[in-house]
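Report on the structure given below.
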Amino acid sequence: MRISAKGEYAAKAVLYLSLRYPEVVTIHEVAKRHSIPVKYLEHILLALKKAGLLGSRRGVRGGYTLAHPPDKISIGEVLRVVDGKFSQSSCIEVDLRNPDACPESDTCGLRQVWQDVQGAVEKILFETTFEQVRKRSLAGPGRKGDYMLHEI
C-alpha cells in the first residue's frame, strides 16, 4: 500500500499529539519535530479538525490537541480524512469510474485478490488506534519513554 506524503504527515502529527495528549501543542512544534512545512501542516490539521478528530485553541497558548482520547482514533480514520478512499490497484477503481472498462472485472482472479488485499489493509488501519501506536512508540527498542518528546 502506498501512503501519500499528506497521509504520512497527518499520521505523524496525530501520533505526536497522542504522545502529548491531552496537552495543547503548537503547530510550529509539530512542524519542526517532523520537518513539515507549516503551511502544509496547517491544511492537514484543519482538515482533521473539520472532521472532528482534532480540537484547537486560539491565542498565545493556543495550538491543537486530539478531540478524543488516542484509543478512539484509528489510523484509517486519519488517512481517510486527508487522502479519501483507499485503493490498492487501478483494477479495483474500474468499477467506480467506468464499470464497463474491464470486460473481465467479474471473473478476474487478480481483481479478487486485490480486493482481498485492500480489505485486509483497511481492517488493520481501522482497527489500529493511535493509543496502540503510542504504546509501540514508547516501548520501542532502546526507548526510555521519551520518544519524540525530548527538546528540539
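Each reported figure results from applying straightforward, stated rules to the coordinates on display, with no laboratory input. If you're wondering where the values come from, they're calculated on a predicted model, not measured in any experiment. A quick note on method: Cβ atoms are made from the backbone with ideal geometry, for glycine too, and the neighbour counts reach across all protein chains shown.
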Taking ARG136, ARG2 and counting other C-beta atoms within 10 Å, the order from fewest to most: ARG2, ARG136
Simple spin-label estimate for ILE3 and ARG58 in nanometres, 7 Å along Cα-Cβ: 3.3
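Grab the beta carbon distance between ASP83 and GLU127, set R0 = 25 Å, and tell me the FRET efficiency rounded to 0.05. Mind showing how you got there, number by number?
On the way: r = 18 Å, r/R0 = 0.72.
That gives a FRET efficiency of 0.90.
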³J(HN,Hα) computed for each position of segment 119-129 - Karplus, 6.51 cos²θ - 1.76 cosθ + 1.60, integer Hz, glycine/proline x: x, 5, 5, 4, 4, 5, 5, 7, 9, 9, 8
Label point distance in nm, TYR40-HIS28, each placed 7 Å from Cα along Cα→Cβ: 2.0
Simple label model, 7 Å out from Cα along Cβ direction - ALA51 to LYS72, nm: 1.7
